Amino acid sequence: MSVLRTLVTYAAIAVVTVLGAEVVLRAWSWAPSDTVSGDSLGVARYDHSPAGAGDLVPGQDGHWVVWFHRPYHVETNSLGLRHTEEPSATAFRILAIGDSQTFGPYLVNEDTWPGWAENQLRLAHGSGERVQVFNAGISGYSIRDQLAYMREKGVAFAPKLVVLAVFENDLPDLRKPHGQRPQRPPAATADGWRWLQRNSALAHLAAEVRTYVQRKAAQVDIRRGEGEVRAPPRPADDHAALAAAYAGHFRELAVLLRQNGIALATVFIPAAQHLESEEPSAMEPLIRSLAAETGTPHLDLTPAFRARAQAPARLYLLQRRPGGGHAGNAHLSREGQAEVGTAVAAWLLAQGMVPR
């Protein structure tokens, strides 16, 4: 009996401590997130979704603030894809995969390149029902993550065509440990955890701390933004190892899609530093070679970007420095996303990969 009494005492102390912390936090500065954030997700909006056809949390209609300077509106459908529409059984379904340059940070849905491509294809068809382009891009994803995503979710989504957008950092991103991304609670407990975050000051604080730690690990400063974070220097033989790893994952992706009757196309988006200099890309020759090897149509957007006047300052979130070079954020601007989406749509039509 004394053991039971001791356990009950400790349990009561724990409950009182939790309730006391909840009261203190509510008295300090807190209100249910529904009243302060404009939607009901709180910081859970940034998490990874284990369910659905996309890796974003489904049903979003609110603002992301990963940088105070550039908050932006994100909407996801019921499947966790960055699109306001649900998939149509009759439309030609395209799935866009890639990293943050596909996801489109600091821009609304329709200003991402998948949004622009869909709009251009619909204009070409004179119909808003024949083509859908779903954005499955996730910031920080590498070819390893994209392959895992297609195996776990993308193939089951049954797209007619997958467009893989490739960027210069796709090789150094392979240095990251696999699975280094935010994780949601298991699907069975997700709804309960969301409810707690909305209605408990203690759970809300725990979620805020977790998000803070994740951003620190990703070198993201919510006040100052991502800055110009460069991959750490590596030995000269690192490139060969990364290229071999990338090639292996890409070949697996090509085989996976071919076995499931899904077409694949690749698009290379150049980095700003390659537009006004002769500095060669390490990524484009590799993806071009792999595309040729696997019979995958490939579009290199470097010539189109270089043809634009003041391309770095217009196509990216960059500004020219008085002393030379550029400062700012290397993600695509609205104009840059439009350039990609318009070019991709025209190319897909010209190649006959999308029905006219």
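Projected over all directions and averaged, the alpha-carbon convex hull of region 59-163 occupies 6.6 nm².
Computed extension length for residue 351-residue 5: 116.9 nm, one decimal, from 0.36 nm per residue of separation with the Cα-Cα distance subtracted.
Model label points for residue 320 and residue 108, set 7 angstrom from Cα along the Cα-to-Cβ axis, are 3.1 nm apart.
Of the GluC sites (Glu not before Pro) found in region 259-356, the ones in coil according to DSSP and having at most 15 other Cβ atoms within 10 Å of their Cβ are 276, 278.
The modelled label-to-label distance between residue 14 and residue 151, using points 7 Å beyond Cα along the C-beta direction, is 3.8 nm. Spin-label pair residue 309-residue 278: with each label point 7 Å from Cα along the Cα-Cβ axis, the two points sit 2.6 nm from one another. At full extension, residue 247 and residue 70 could sit 60.2 nm farther apart than now, given 0.36 nm per residue minus the alpha carbon distance.
Values quoted throughout were computed directly from the atomic coordinates according to the rules given, and no laboratory measurement underlies them. These figures come from a predicted structure and were not determined experimentally. Cβ sites come from the backbone with ideal geometry, for glycine too, and all protein chains shown count toward neighbours.
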